[in-house]
Structure formats: C-alpha cells, structure tokens
Amino acid sequence: MEYENKSNTAAPSPTERCNTSKESANYSADRKNYSTDSANYSADRKNYSADSNDGPGSPLPLSKSGEKSAADKERKFDERYLRMADIWSENSYCTRRKVGALIVKEKMIISDGFNGTPSGFENVCEDENGLTKPYVLHAEANAITKIARSGNNSDGATLYVTASPCIECAKLIIQCGIKRVVYGEHYRLTDGIDLLRRAGIQVDYIDKTKL
C-alpha cells in the first residue's frame, strides 16, 4: 500500500539554499560585531570605574612599584599646612622675624599661634636697640597655651612651624603630647631639635622657600 506524501513543503532550490547560506554568514558576522561591542563596553566600564576612584574616600592611586602613594599624599598635606603657618606668621608684629605655627590633629587645625607679646601688652616685640624683648612669646608657645584654654588636647598631634623650635619650646612640645614636628627654616641652634628627637618625637624639615 502506498502512502501519500502529505507534506506541502517543497525542497529548497539551489538559489534558496545560497540565500540561506548568506543569511547565516551575515548572522555570524553580526554576532562577531556584537561580541566586539560588548568587549568595548566592558573596557569602557572598567575605565569609568578607575576614573571614579579619584574622589574623597577612594583608594589612593598606585605608584609604579604597585604601592599606594600614601607618603606622597602626606607630603602634600605637610606642604599645605606649612604654607598656612607661613601665612599665619604675617599676623606677628615682630620685625626681626615673623614665625607662625599650627597644631593639627586628625587633619583638623586645633590651634594656631604666632610670635608676639603676651595679651594686654603693647604690640612691640623689639626694644630701642632692635633686640627682641625677653617676654616675647614664640609661635609654638602661643599655639600650645591656646589649647590649654580650649576643650582640645594635643595628644598625638602634629606641629607645623615656620622655624625650628628652640629648646624652651621643645620642652613644651614634649610635655603637651605632640608626636611630630614639621618645620620650614633652620635656626642657628639645634638644641631644640636635638631634644625633640631624644624624646622620640618625629622631626621633619621642609624648605618653606621652595613651597
């Protein structure tokens, strides 16, 4: 018994088979282009993410050695605070030398000072011979004593001062708990710096004339 072929679909002609092959090739090319576009999109997303990490609280940029540039960032802060201390020294009425100081704790300025006479005295730092009067307060002493009248404390703080501390100021620095001193100009005597280092306080010099 013969069965009838009920399928109405005719076999594809050679021309139709050729067109089908072309469509398959075009589909493969489209898939390839899509994959390339996806790769480019992923690369763009990666670059965007890298650029977005420059904001506050983001990881520090990597140096060539692969280490985070924390030291570079700290150096920039040191230079800026020292420049601020230098600007603050302009408040001094002293003519022989103007010195400014800032006390910074946890990236906040908690005190400031400049060299000058005690409160209530005339704002004249030199006598008739041009010598500094013996009761003139140094910038570091003014900044430290100002903390004593406020609710702040200087434990673990950093002192930025435009000139290296004398031995008397070094004593105050040690006693008030300051752990680091950054200064911008050498004094003719080094006994203050020597005493600070002997007490285990970190002392760093940055030439303020190059800031």
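Taking 0.36 nm per residue of sequence separation and removing the Cα-Cα distance, the LEU189/ASP204 pair yields an extension gain of 3.8 nm. Among residues other than LYS133 with Cβ under 11 Å from its Cβ, the summed charge is -3 (Lys and Arg +1, Asp and Glu -1). Taking a ≥ b ≥ c as the square roots of the Cα gyration tensor eigenvalues, with a/c under 1.5 meaning rounded and otherwise prolate when a/b beats b/c, else oblate, which class fits segment 69-151? Note, shape of segment 69-151 comes out oblate. Protein heavy-atom accessible surface, 1.4 Å probe, per residue over segment 96-211: 55 Å². Averaged over residues, the count of other Cβ atoms within 10 Å places the peptides 135-141, 122-128 in the sequence 135-141, 122-128, highest first. Report the paramagnetic label zone for MET108: residues of segment 153-190 whose backbone N is under 16 Å from a point 7 Å from Cα along the Cα-to-Cβ axis. Label zone hits: 153-158. Shown for segment 101-211: lysine pairs separated by 8 or more places, or found on different chains, whose C-alpha atoms are under 27 Å apart, numbering 20.
Once you sort the root eigenvalues of the Cα gyration tensor of segment 154-211 as a ≥ b ≥ c, which label holds: rounded (a/c under 1.5), prolate (a/b larger than b/c) or oblate (the other case)? Oblate, because a/c is 1.5 or more while a/b does not exceed b/c.
For the peptides 160-169, 144-153, the ranking by mean Cβ contacts within 10 Å, running from highest to lowest, is 160-169, 144-153. Counted residue by residue at 0.36 nm each, then reduced by the alpha carbon distance between them, the extension gain from SER69 to ARG96 reaches 5.8 nm. On segment 71-211, 49 percent of the accessible area sits on carbon and sulfur atoms, based on a 1.4 Å probe.
The values are calculated or read from the model by the stated rules, or taken from the named source; none is laboratory data. Note that the coordinates shown come from a computational prediction; the quantities given were computed from them, not determined experimentally. Because the Cβ atoms are built from the backbone with ideal geometry, glycine has one as well, and the counts that use them run over all protein chains shown. All accessible areas refer to the heavy atoms of the entire protein, side chains included, with ligands and DNA or RNA removed. Shrake-Rupley method; radii C 1.70, N 1.55, O 1.52, S 1.80 Å.
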